[in-house]
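Worksheet: one structure, shown below.
The values are calculated or read from the model by the stated rules, or taken from the named source; none is laboratory data. Everything numeric here is computed off the predicted structure, so don't read it as measured data. Positions of Cβ are generated from backbone atoms using ideal geometry, with glycine treated the same way; all protein chains shown enter the neighbour counts.
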Amino acid sequence: MSLAVIGAGLGRTGTYSLRLALEALGFGPCFHMEEVAKHMPVQLPLWNKALDGDPDWDAIYAGYNSAVDWPTARFYRELNAAYPDAKFILGVRDPRAWAESFHATIHKLTFRTDDPPEIFREWIAMVRRMILQNGIPADGGVDEMEAAFIAHNEAVKAAIPADRLLVTNVKDGWGPICSFLGVDPPEEPFPRTNNRNEFWDLIDSLR
């Protein structure tokens, strides 16, 4: 199985909703950061190698038809080269709102937690490396986060051919995604999930 759809949007752009949407449309299973956290003994070494410049995409994405969220979004250039027929979805939202959400969730967990649970330490170390490689400063405030978010989105739009890239906000629902992927929208409502409270609930569930 080869990746057919790749999400280039950073975490906190509705990536969990996009994952559920892609699976509902028949593009699952969809790889998400949750898969890394659930399968750390296998996934962490693979992603650390990728961060070192030696990725094994076939091993990372074995059994998956799509991928969204970090760490995938960090590697949009490499994945564009590895999967030249894949379609890319860049999830976006208001940059300030993203920066505030990211600062209060992922950044807090990875850079402002003094003593993370032992089960998370190696995972958090990988996430820190990934975020830094994505151009997001460890000690920045909301202004710096906002600038990094804008820079990432512009870089994706510059790197991925326009005919293989959809830029969308998950609030736009099924229409843009279904049109881009050439499928009919399902009758079920577009999934809405993973607000800030749900983020922490998900982290607690992985302990």
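Here residue 90 meets the list (1) surrounded by fewer than 20 Cβ atoms within 10 Å (Cβ to Cβ); (2) under 22 Å from residue 152 (Cα atoms); (3) in contact with a strand residue (DSSP E or B) (Cβ under 6 Å, 6 or more places away or on another chain) almost entirely, failing just condition (1). Among the residues of the range 156-179, those identified as without any contact (Cβ under 8 Å) to a residue 24 or more places away in the chain and either under 15 Å from the mean Cα position of the chain (by Cα) or part of a helix (DSSP H, G or I) (or both) are 158, 162, 163, 172, 175, 176, 179. Scanning the range 52-73 for residues that are touching a Phe, Trp or Tyr at 6+ places or on another chain (Cβ under 9 Å), assigned to a helix (DSSP H, G or I) and not hydroxyl-bearing (Ser, Thr, Tyr) yields 57, 60.
Within the range 70-85, the set of residues being over 14 Å from the mean Cα position of the chain (by Cα), surrounded by 18 or more Cβ atoms within 10 Å (Cβ to Cβ) and of a type outside the set (Ser, Thr, Tyr) comprises just one member, 80. Kindly establish whether residue 76 is in a helix (DSSP H, G or I), within 16 Å of residue 156 (Cα to Cα) and among the hydroxyl-bearing types (Ser, Thr, Tyr). Yes; evaluated as a whole, the condition is true for this residue. Does the range 196-207 contain at least one residue that is outside any helix (DSSP H, G or I), at pLDDT below 95 and touching a helix residue (DSSP H, G or I) at 6+ places or on another chain (Cβ under 8 Å)? Looking for residues that are outside any helix (DSSP H, G or I), at pLDDT below 95 and touching a helix residue (DSSP H, G or I) at 6+ places or on another chain (Cβ under 8 Å), one finds at least one in the range 196-207, hence yes.
Which one of the conditions (1) at pLDDT 95 or above; (2) outside any helix (DSSP H, G or I); (3) surrounded by 13 or more Cβ atoms within 10 Å (Cβ to Cβ) does residue 184 fail to meet, given that it meets all the rest? Just one mismatch for residue 184, condition (3). Within the range 1-34, the residues that satisfy the criterion of being assigned to a loop (DSSP other than H, G, I, E, B), under 16 Å from residue 63 (Cα atoms) and touching a strand residue (DSSP E or B) at 6+ places or on another chain (Cβ under 7 Å) are 3, 4, 27, 28. Of the residues making up the range 51-69, those that are of a type in the set (A, V, I, L, M) and crowded, with 20+ Cβ neighbours inside 10 Å are 60, 67, 68.
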